[in-house]
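The values are calculated or read from the model by the stated rules, or taken from the named source; none is laboratory data. It should be emphasised that the depicted structure is a prediction, and the values quoted were computed from it without experimental measurement. Please note: Cβ atoms are built from the backbone with ideal geometry, for glycine as well, and neighbour counts cover all protein chains shown.
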Amino acid sequence: MNNKGVKSLMITGGTQQQRRQKAYELAGILIFGQKEQDLENAKKTADLVELTKSDDEKEISIEQIRESITNLQLQPSKNTLNKVLMIAEFNQATHQAQNCLLKTLEEPPEHAAIVITCPHPKTVLPTIASRCHQIKVKSSAQPIDQSIENEFNALWESNLAFSLDWLEKNAKLVENKNQLREKVGWWLAILRKKIRGLNTSETDRIVTAIEKLYLMEERLQSQASPRLLLDAFFIAIRCKKNL
């Protein structure tokens, strides 16, 4: 990528962690002109303005965007090429906040660039997606953690009371949407593994579970209650088990 060319980039696809890593890589190239300096130096330099939604916040606000744009106007250091604004999971920004970034996306300062991440272009406003050069991260298969698989198998085989008890014991996970999205990703991988070579009735149950988890991923982008989404998931897979 030519660091004097495209200055507004959108990274989609893959997992949240993969998108974030790619964003640091591109930020490193834009700031230093060298891929080798991506992760370590990009995280340390003052020329990277990084904006993410904290666990305590429901969304990225227009005030946060305005403050970041102000920081982006400052000149970069003498030994760097650009100042970079990196916004992780921009789909979590309010529509007001997204609209606030439009003009800067279209015409970044001469010394600046913007890198945003989101699961899919359709998870942000069309006007945002149309102003960015889009880069899709390919998902790479990762070994399933055995403890996560054992935990899910226990939930899969147990009764509803066990699942509800699990929800109470994992209240912090339920409150943290980012961690819950990661957990849902692992559960989907486990279900895809299960679906091979099973009888028809069990396959129907797995397909239902996968559909519910995809729906959960989508609704976690909104203000939907994670607890209610998990309740609906556990009830659905229990009903299918009892048929």
Inset, instruction - Check segment 85-101 and report whether any residue there is in the same structural domain as Gln64 (by TED's automatic domain parsing) and at positive phi. - result: yes
Legend entry - Pair list, Cβ < 9 Å and 6+ apart or interchain, from segment 58-80 residues that are over 24 Å from Gln223 (Cα atoms) to residues that are of a type in the set (Lys, Arg) and surrounded by 12 or more Cβ atoms within 10 Å (Cβ to Cβ): Asn71/Lys83; Leu72/Lys83; Gln73/Lys83; Leu74/Lys83; Gln75/Lys83; Pro76/Lys83; Ser77/Lys83
Inset, instruction - State whether one or more residues within segment 145-154 are surrounded by 12 or more Cβ atoms within 10 Å (Cβ to Cβ), among the small types (Gly, Ala, Ser) and part of a helix (DSSP H, G or I). - result: yes
Legend entry - Residue list for segment 168-203, restricted to those being within 18 Å of Glu217 (Cα to Cα), modelled with pLDDT of 85 or more and among the basic types (Lys, Arg): Lys183
Inset, instruction - Give segment 84-112 a look and list any residue that's surrounded by fewer than 19 Cβ atoms within 10 Å (Cβ to Cβ), assigned to a helix (DSSP H, G or I) and out of contact with any helix residue (DSSP H, G or I) (no Cβ under 8 Å at 6 or more places or on another chain), or say none. - result: His95, Lys103, Glu106
